Amino acid sequence: MSHPVTESASSPPPVSEFTLVEAAATTAAAVPDRELIVQGDRRVTYARIMERSRQLASYLHARGLGAHVERSRLAGHEVGQDLLGIYAYNGNEYLEGILGALGARVAPFNINYRYVENELRYLLADADATALIYHSAFASQVAQVLPELPHLRVLIQIADDSGNELLPGAVDYEEAIASVTESAGLPRPSADDLMVLYTGGTTGMPKGVLWRQHDVFMAACGGRNAITGQDVAPSYESLGARSASYPGVKIMILPPLIHGAAQWATLSALTLGQTVVFSGVVDHLDAEDVVRTVERERVAVLVVVGDAMARPLLDAIDSTGADVSSLVTLASGGATMSPQVKQHWIAAVPGLIVLDAVASSETGVVLNHMSTAQAVSTGTFTAGPATAVVAADLGGVLSPGHDEIGWLAVRSNTPLGYKGDPTKTAATFPVIDGTRYAVPGDRARLLADGTIELLGRDAITINSGGEKIFAEEVELALSSHPAVSDVLVVGRPSERWGHEVVAIVELLDQATIGSEELLAHAAETIARYKLPKAVVICPEIARSPAGKADYRWAREQAVAADRREMR
C-alpha cells in the first residue's frame with residue numbers, strides 16, 4: 001500500500017489559497033469558548049469540535065488514509081486521495097467527520113440516508129470509498145453492501161437510539177476519537193485537497209463533483225460574500241479577527257447535511273464565528289420542534305428549502321403561538337419559494353428579509369434575491385461578478401438584454417470535474433473565449449438591467465408540441481392557489497404532443513378542488529400552451545430529505561395515471 005503524502009506542519013500556510021480545515025482552526029482559536037453546535041440539550045464549543053476533529057484526523061491517518069498522489073499529477077476527473085463517506089444524520093459528528101477527513105488529507109463525501117441497498121452500493125463503489133462514518137441506524141444497510149466493496153476497510157459507527165450492534169470490523173465513533181490523544185505528525189492539508197459532493201441524482205445517477213478546498217471555500221463556504229462577490233479576508237489572521245469581532249449570531253439549518261447547501265451553510269457559519277443550531281428531530285421535518293427551537297435559542301437566520309419546508313413552519317407558528325420574532329432572515333435554496341408564502345412569512349415576522357439563493361453542486365452560490373415587505377417576487381436574481389449567461393451553443397457569453405435563452409454559468413473557483421468521468425467533465429466545464437466555466441444545466445435569460453431570469457433545469461424542461469415549457473414556471477403558477485400544498489410538473493409521452501405537461505398536486509388538508517379551477521388559476525399568470533394537460537392529485541408529494549423535488553417519482557405518477565385512464 002502506498003503511504004499518504006506528508007509534509008511538515010511547522011510553518012504557516014500561504015495566504016494566497018485557503019484550506020477549509022485551517023480556516024476552521026483559525027476561527028476556533030479566535031472564539032474557542034463560543035458554541036458552534038447546538039442540538040437539543042447538546043452544546044459543543046468551537047474548541048471542542050476542533051479537538052475532536054483533530055483526533056479523528058489522527059485516527060484516519062494512523063489507519064493509513066490520506067493523499068497518495070498530488071493534484072499536479074492528476075487530470076480534473078481523477079482523485080489521488082482516499083475517500084470517506086458520511087452516512088449520517090445532522091449533528092456535531094457530521095461536521096467533525098468533514099473536518100477530520102480534511103485534516104488527514106482524506107476527501108469526505110455525502111451519502112443520502114434514504115438510499116436503499118442498490119443506491120448505497122452504487123455510490124460507495126463509484127466513489128471507491130475506503131472509509132465510512134455512519135449512524136448505527138444504518139448498520140443493516142451497510143452490512144448488506146460490504147461483501148461487494150472490498151476496498152471499504154475503515155468503518156466508524158456512531159451510536160444512536162437504534163440499538164444496533166457494531167458491525168464486524170467496525171469501531172465505535174467515540175472510541176476511535178478517544179484512542180488518539182496526540183495530533184502530532186498529521187500532514188499539512190493542501191488547498192488542492194478535495195471535498196467531494198455527490199449530486200442528488202433526482203434527474204440521473206449521482207455524480208461526484210470534485211472541489212478543491214480553496215475553491216469551495218471561496219465559492220460557497222464563507223470565503224466570498226455571496227451577495228457582493230467580495231473576498232471576505234486576505235489572510236487567516238484577518239479571518240480570525242473577523243470572527244472575534246463578529247457577534248455569535250445563531251443560524252438554524254433545517255436541510256440535512258447530506259446535501260451540499262446545508263454543508264456549505266454550516267461551514268460558512270463556522271468561518272464567520274456563528275452558532276449552528278440543528279433540530280433535535282433528525283429523520284424528518286418536525287415543524288413544531290423547529291419553531292420552538294427558534295423561540296428558545298433566539299435564532300436569527302433560518303435556512304429552509306422552498307415551500308415544502310416554509311409552509312408547514314408557518315402552520316406551526318400559528319398552531320403553537322411560538323415567538324419567532326428573533327428571526328432576521330429566512331434563507332431558502334434548492335426549491336422555489338412562492339411569493340404568497342414569502343408574503344405570509346413577512347406578515348408573521350415583521351421586518352423579516354426572505355433571501356432566495358441559487359446554487360448547484362457544480363457552482364456553489366451564484367445568484368441571490370431579497371424580498372422584504374416593500375417588494376416580494378420570485379424568479380429574478382441579482383448576478384454575482386463571476387456569474388454569466390452563456391449562449392445555448394456555448395459559443396459565447398451573452399450581453400444584458402439579449403433575448404436568447406442561454407445557460408446559467410459561473411467562472412472562477414469552479415470544481416475540477418466529475419469523478420471518473422472525463423466526458424461529462426468536459427461538457428459541464430467548457431472553456432468559452434479562453435475562460436473555463438461551470439455550466440450545470442440551468443436555463444436563464446440575462447435581462448437588460450443585468451439581473452438574471454432563472455427559467456429552470458434543462459433536464460426537467462418539457463418539449464411539448466415544439467414548445468419548450470419550463471416545469472418550475474408552471475409549478476409556481478399552480479402553487480399560488482390557496483388550496484395547493486405542493487406541486488411538481490413533469491412531461492409524459494403523448495402521441496399528439498410528443499410529451500405533454502402533467503401536474504402532480506398535493507392539496508392542503510381538507511381542501512377539495514377540481515382540475516379545471518386549478519388550470520384556470522394558473523392561466524392567470526402563464527400562457528395557455530404551458531398549462532398541464534392533466535392534473536394528478538396525490539396524498540403526498542415525494543421529496544428528498546432536504547425538500548428537493550424527486551422528478552423521477554413524479555414521472556412515475558404521471559405515467560401510472562395515464563395507464564389508469566386508458567383502462
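The values are calculated or read from the model by the stated rules, or taken from the named source; none is laboratory data. What you are looking at is a predicted structure, and each value in this text was computed from that prediction instead of being measured. For neighbour counting, all protein chains shown are included, and Cβ atoms are generated from backbone atoms with ideal geometry for every residue, glycine included.
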Yes/no for Leu314 being under 25 Å from Ser544 (Cα atoms), touching a His at 6+ places or on another chain (Cβ under 6 Å) and not in a strand (DSSP E or B): yes
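Residue-wise test of (1) within 16 Å of the chain's Cα centre (by Cα); (2) of a type in the set (D, E, K, R).
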residue: Phe217; (1), (2): yes, no
residue: Ala220; (1), (2): yes, no
residue: Asp231; (1), (2): no, yes
residue: Tyr236; (1), (2): no, no
residue: Gly240; (1), (2): no, no
residue: Tyr246; (1), (2): no, no
residue: Trp264; (1), (2): yes, no
residue: Ala269; (1), (2): yes, no
Which count do you get for residues in segment 281-311 that are assigned to a loop (DSSP other than H, G, I, E, B), under 19 Å from Leu36 (Cα atoms) and among the hydrophobic types (A, V, I, L, M, F, W, C)? 4
Which strands (runs of 3 or more DSSP E) sit wholly inside segment 78-156 and have at least 1 residues that are of a type in the set (A, V, I, L, M, F, W, C) and without any contact (Cβ under 8 Å) to a residue 60 or more places away in the chain? 131-135
Return the residue satisfying two criteria in turn: it lies in segment 455-469 and is farther than 18 Å from Ala359 by Cα and not in a strand (DSSP E or B), and of such residues it is nearest to the chain's Cα centre (by Cα). Thr461
Evaluate segment 478-485: report whether one residue or more is touching a Gly at 6+ places or on another chain (Cβ under 6 Å), surrounded by 15 or more Cβ atoms within 10 Å (Cβ to Cβ), modelled with pLDDT under 90 and of a type outside the set (A, V, I, L, M, F, W, C). no
Selection status of Val535, in contact (Cβ under 8 Å) with a residue 60 or more places away in the chain, surrounded by 14 or more Cβ atoms within 10 Å (Cβ to Cβ) and not hydroxyl-bearing (Ser, Thr, Tyr): no
Among the residues of segment 508-515, are any assigned to a strand (DSSP E or B), out of contact with any Pro (no Cβ under 6 Å at 6 or more places or on another chain) and in contact (Cβ under 8 Å) with a residue 12 or more places away in the chain? no
Name the residues in segment 196-254 that are small (Gly, Ala, Ser), surrounded by fewer than 24 Cβ atoms within 10 Å (Cβ to Cβ) and assigned by TED's automatic domain parsing to the domain that holds Leu120, would you? Gly200, Gly201, Gly204
Number of the exception - His214 against (1) without any contact (Cβ under 8 Å) to a residue 40 or more places away in the chain; (2) part of a helix (DSSP H, G or I); (3) of a type outside the set (D, E, K, R): (1)
Which ranges mark the strands (runs of 3 or more DSSP E) fully within segment 339-402 that have 2 or more residues being more than 21 Å from the chain's Cα centre (by Cα) and of a type outside the set (Asp, Glu)? 387-390
Check Gln213 against each of (1) at pLDDT 95 or above; (2) over 22 Å from Glu17 (Cα atoms) and name the one condition it does not meet. (2)
Residue satisfying condition, being more than 21 Å from Val21 (Cα to Cα), assigned by TED's automatic domain parsing to the domain that holds Arg153 and aliphatic (A, V, I, L, M), within set Ala104, Ala131, Ala127, Ala88: Ala127
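Of everything in segment 414-442, what is hydrophobic (A, V, I, L, M, F, W, C), part of a strand (DSSP E or B) and surrounded by 15 or more Cβ atoms within 10 Å (Cβ to Cβ)? Give them in sequence order.
Filtering segment 414-442 down to residues hydrophobic (A, V, I, L, M, F, W, C) leaves 416, 426-427, 429, 431-432, 438-439.
Going one step further and asking which of them are part of a strand (DSSP E or B), we end up with 431-432, 438.
Matches in segment 414-442: Ile432, Ala438.
Among the residues of segment 89-109, is there at least one that is surrounded by fewer than 20 Cβ atoms within 10 Å (Cβ to Cβ) and charged (D, E, K, R)? Step through it out loud before you land on a result.
First, pick out the residues of segment 89-109 that are surrounded by fewer than 20 Cβ atoms within 10 Å (Cβ to Cβ): none.
Looking through segment 89-109, none of the residues is surrounded by fewer than 20 Cβ atoms within 10 Å (Cβ to Cβ) and charged (D, E, K, R).
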Just the residues that are touching an Asp or Glu at 6+ places or on another chain (Cβ under 7 Å) and surrounded by 20 or more Cβ atoms within 10 Å (Cβ to Cβ), please, taken from segment 166-186. Tyr173
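One line per residue, one yes/no per condition, for (1) in contact with a His (Cβ under 7 Å, 6 or more places away or on another chain); (2) over 28 Å from His259 (Cβ atoms); (3) at pLDDT 85 or above:
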residue: Tyr529; (1), (2), (3): no, yes, yes
residue: Pro532; (1), (2), (3): no, yes, yes
residue: Glu540; (1), (2), (3): no, no, yes
residue: Gly547; (1), (2), (3): no, no, no
residue: Arg552; (1), (2), (3): no, no, yes
residue: Glu556; (1), (2), (3): no, no, yes
residue: Arg563; (1), (2), (3): no, yes, no
Set Gly66, Gly76: member being in the same structural domain as Glu182 (by TED's automatic domain parsing), within 30 Å of Gly420 (Cβ to Cβ) and crowded, with 21+ Cβ neighbours inside 10 Å: Gly66
